[in-house]
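The values are calculated or read from the model by the stated rules, or taken from the named source; none is laboratory data. Fair warning: this is a prediction, and the values are worked out from it, not measured in the lab. Because the Cβ atoms are built from the backbone with ideal geometry, glycine has one as well, and the counts that use them run over all protein chains shown.
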Amino acid sequence: MAALEGLAIAGGETRQEPAAHPPGPGRGAMDWNDVRVFLAVARQGSMRAAGRALGLSQPTIARRLAAFEATFGGPTLFDRLPEGLRLNAAGEQLVAAAENVEDAVLGLERRRAAASPALSGIVRVSTGECAAGFLARCLSGPANSALPPGITLELVESRQTANLARREADMALRHQPPESGDFYVSKAGTFACAVYRRRGADTAAWVTYTDEQSHYEPARWVQHQVQETGTMIALRASSMLMHLEAIRAGTGRGVLPCYVGDGHPLLERLTPPIPELAAEYWIIVHRDLRRAACVRAVIDWMKALFAEQRDVLAGVP
């Protein structure tokens, strides 16, 4: 569902319009795919990055961008610089109109998806590492709480909120609800965290996040413990999986979600759930997509999971 199925770029051929004349009566209409490529290059700053964002090869991006620029005639719309592409004055004048086209097309696509009664297809969910792991492990749950067999869940691990209006994801599961936008928002539940170490290991050293991630709440909490007790940090690592492996190996102690630590046979919990590290999660969906059959099924599945697993997530023995 995250792809623009009926308007997808991949597999299409660029229509070459006369370079010196805009489309008019008797000529082909402007290709939305070329508009989409123009906006991707403007936002990403290079053809390579735009290709990654759209799932297209760099030659395809270059060909479509050239077609879009030729449509308007005159100078190119980007300055070609050693560090990438930058919109020039002519290109800047087109961005607002191109974004209006994008908003209209994506609005139609969201409504088309919402009108489909089919319980099949891909539903793309943007979320963080902790919640993504929880959803992944629950896909093989009881039949009464399973997703319909025709739906494929696509989890995108990211701490950045995907642009749901641009269909970078169909829905998100996030710590904070959005402050604005036309979204359906529902609280899913709360993840508790506690301190764990390898069972029987005698280590006071800590496993925590990198300096670049020192603003994360678990990293700040661990840093406070280090300052209070004078203990050392044995490892800094950028992901929860790295933390889990280091703690499991006996490298040090560290903060983990209770649903991870309590269920691991080699780990023991050293603290009760830490109130200031409890992480609330919210389901966020663009209102146009809320009633799409596939998206509705995933929303209902998530709500059922959080309800069924409430004690596990809360670290209740």
Some residue of the stretch 237-245 being touching a Cys at 6+ places or on another chain (Cβ under 7 Å) and farther than 30 Å from residue 106 by Cα = yes
Looking at the stretch 252-303, what strands (runs of 3 or more DSSP E) fall wholly within it and have at least 3 residues that are surrounded by fewer than 21 Cβ atoms within 10 Å (Cβ to Cβ) and under 26 Å from the mean Cα position of the chain (by Cα)?
-> 279-286
Scan the stretch 232-273 residue by residue and report those that are more than 24 Å from residue 136 (Cβ to Cβ) and either among the hydrophobic types (A, V, I, L, M, F, W, C) or in the same structural domain as residue 137 (by TED's automatic domain parsing) (or both).
-> 232, 233, 234, 235, 270
Those strands (runs of 3 or more DSSP E) completely within the stretch 155-245 that have 2 or more residues that are surrounded by fewer than 16 Cβ atoms within 10 Å (Cβ to Cβ) are 183-191
From the option list 200, 181, single residue qualifying as at positive phi and over 30 Å from the mean Cα position of the chain (by Cα) is 200
Of all residues in the stretch 304-317 being part of a loop (DSSP other than H, G, I, E, B) and modelled with pLDDT of 90 or more, which is nearest to residue 225 (Cα to Cα)?
-> 315
Output yes when any residue across the stretch 241-256 is at pLDDT below 95 and either in contact with a helix residue (DSSP H, G or I) (Cβ under 6 Å, 6 or more places away or on another chain) or of a type in the set (D, E, K, R) (or both), and no when none is.
-> no
The stretch 52-68, subset farther than 20 Å from residue 99 by Cβ and assigned to a helix (DSSP H, G or I), residue modelled with the lowest pLDDT = 52
